[in-house]
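These notes are about the structure you will find just below.
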Amino acid sequence: MSDPHGPAGPGCREVFELLSDYVDGELSPETREALEGHLGACPPCERFLKTFQKTRALCRESLLEEMPDELRTRLRSFLKDRIRGK
Amino acid sequence: MASQEANQLTGDRDAALVERTRRGDSSAFDELMERYEGKVYRLALGMMKNRDDALDAVQDAFLSVFRKIDTFKGESAFSTWLYRIALNSVYMKLRSKSRHDKTIPLDDEEAFDPVTGHARAAIRDWSERADDAVLRQELSGVIREAVAALPEEYRAIFTLRDVEELSNQEVAEILGLTVAATKTRLHRARMFLRNRLSRHLQGIPR
């Protein structure tokens, strides 16, 4: 395992700053490779990445709520009244 | 590429429905609502504390869309225009005056060793633990509280990007921000939420 904190690649702080671009697939191939080199050699950063990705998945799952039918009905009825009565 | 084509089809369909709505075809407006009411509701719910407040904002948003449909020039996608109107309704309800002033720091200092500057060895991987069925319910509450603690603009960006899965470009257009500013705020919001969840999970004994 190479030294992830050597002068050649990104340091931990830089890796943290790039995590969103990394998970969104927005890094250049060179930067992505350098970042993955760091992650492969730096267990704390790799663990941080896993929890960073997990957070997004958990948030989406919790917040992806369907609109309840009762509210849909209320919305439709509100708009029908207001639009007809304009 | 497939999603670009899907976006194009969605945009074409929306444009046709907008045109028919302008000509007084109420079934076209109904279809626009069907296409977007769930998404606009989720955005409003993500921004507000409860379902009734969210519904109020959604009602105002669609009423505004109907009344202002003649002013929609088609310079942006219909969905961008709609989300912008919806966010304005939300902000009106929240009575917020300084939403652009509030920022949050990157919130990552405690992740680094102050001497070496490297990520701390103590960072734990709780990702598998978070799958525990008993914890899930609890985490859902923690997530809602954490999202509610984000400044409004960050909350909007996070919801549109990570819940509705719009692109950074689309979110930037809706919020009237540059893509770079949108990405910076999104990253800070994600880090803030990750750290809130982490503190919660690390505080629970195994």
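The values are calculated or read from the model by the stated rules, or taken from the named source; none is laboratory data. These figures come from a predicted structure and were not determined experimentally. Neighbour counts are summed over all protein chains in view; Cβ atoms, including those assigned to glycine, are modelled from backbone coordinates with ideal geometry. What goes into the accessible areas is simple: the full protein's heavy atoms, side chains included, and nothing from ligands, DNA or RNA. Shrake-Rupley method; radii C 1.70, N 1.55, O 1.52, S 1.80 Å.
The rows are residues; the columns are (1) at pLDDT 90 or above; (2) under 21 Å from the mean Cα position of the chain (by Cα); (3) among the acidic types (D, E).
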{"residue": "B:E110", "(1), (2), (3)": "no, no, yes"}
{"residue": "B:R120", "(1), (2), (3)": "no, no, no"}
{"residue": "B:T159", "(1), (2), (3)": "yes, yes, no"}
{"residue": "B:D162", "(1), (2), (3)": "yes, yes, yes"}
{"residue": "B:S167", "(1), (2), (3)": "yes, yes, no"}
{"residue": "B:E173", "(1), (2), (3)": "yes, yes, yes"}
{"residue": "B:K183", "(1), (2), (3)": "yes, yes, no"}
{"residue": "B:L197", "(1), (2), (3)": "yes, yes, no"}
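Right, B:A6: loosely packed, with under 15 Cβ neighbours inside 10 Å, under 21 Å from B:E170 (Cα atoms) and of a type in the set (A, V, I, L, M) or not?
Spelling it out, B:A6 is indeed loosely packed, with under 15 Cβ neighbours inside 10 Å, under 21 Å from B:E170 (Cα atoms) and of a type in the set (A, V, I, L, M).
Kindly check whether there is at least one residue in the range B:29-50 that is buried (at least 18 other Cβ atoms within 10 Å of the Cβ) and at pLDDT below 90.
There is at least one residue in the range B:29-50 that is buried (at least 18 other Cβ atoms within 10 Å of the Cβ) and at pLDDT below 90.
Tell me whether the range A:11-18 contains one or more residues that are open to solvent by 40 Å² or more (accessible area, probe 1.4 Å), part of a helix (DSSP H, G or I), at negative phi and in contact with a His (Cβ under 8 Å, 6 or more places away or on another chain).
Yes, there is a match, as at least one residue in the range A:11-18 is open to solvent by 40 Å² or more (accessible area, probe 1.4 Å), part of a helix (DSSP H, G or I), at negative phi and in contact with a His (Cβ under 8 Å, 6 or more places away or on another chain).
Cβ contacts < 8 Å: first residue within 7 Å of chain B (Cβ to nearest Cβ), restricted to the range A:55-72; second residue of a type in the set (F, W, Y) and in a helix (DSSP H, G or I), any location; separation 6+ or different chain. Result?
What qualifies is A:C59/B:F158; A:M67/B:Y41; A:L71/B:Y41.
Every residue in the range B:97-148 that is open to solvent by less than 50 Å² (accessible area, probe 1.4 Å) and away from chain A (no Cβ under 12 Å), please.
Residues satisfying the conditions are B:S98, B:I104.
Here is a list: B:L43, B:L55. Which entry is within 12 Å of chain A (Cβ to nearest Cβ) and touching a Ser or Thr at 6+ places or on another chain (Cβ under 7 Å)?
B:L43
Please work out if B:L106 is modelled with pLDDT of 90 or more, assigned to a loop (DSSP other than H, G, I, E, B) and within 17 Å of B:M191 (Cβ to Cβ).
Considered against the rule, which asks whether it is modelled with pLDDT of 90 or more, assigned to a loop (DSSP other than H, G, I, E, B) and within 17 Å of B:M191 (Cβ to Cβ), B:L106 comes out as no.
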